Amino acid sequence: MHERQKHLYVGVDLHKQHHVVVIIDCWKYKLAEIKFKNNPSTFSTFLLDIDKLIDEGLAPVFGLEDVGGYGQALAQFLT
């Protein structure tokens, strides 16, 4: 299996009130789109939603687009 096939790619568009996530595989096939509130109490649920999409042996790779600092809390949570 090629290294890229071992990951799901999680792109996060960050906003003041909510975040929008698109999850794709290495062939750029869109697996899901998730919207959740920009509130640390929702971050665990967001990860559980991603976990449901991950097959054994796959690992998520996160990419956060952050312009105004709206993703600081999520970035700290993920690290």
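Which of the chymotrypsin sites (Phe, Trp or Tyr not before Pro) found in the chain are loop residues per DSSP with 14 or fewer other Cβ atoms within 10 Å of their Cβ? Working shown, then result.
Numbers: sites: Y9, W27, Y29, F36, F43, F46, F62, Y70, F77; in loops: W27, Y29, Y70.
The qualifying sites are W27, Y29.
Roughly what angle does helix 40-53 make with the longest principal axis of the chain, taking Cα atoms, 0 to 90 degrees, to the nearest 10?
It works out to around 10 degrees.
Can you give the Rg and Dmax of the chain based on its C-alpha atoms, in angstrom?
12.5, 39
Evaluate the charge dipole of the chain about its Cα centre and quote only its size in Debye, nearest 20, assuming +1 on the Cβ of each Lys and Arg and -1 on the Cβ of each Asp and Glu.
180
If each of D55 and T42 carries a label point 7 Å out from its Cα toward its Cβ, how far apart are those two points in nm?
The two pseudo-label positions are separated by 3.0 nm.
Taken together, the values in this text are just the output of simple stated rules run on the coordinates, not laboratory data. Everything numeric here is computed off the predicted structure, so don't read it as measured data. Cβ coordinates were reconstructed from backbone atoms using ideal geometry, including for glycine residues, and neighbour counts include every protein chain displayed.
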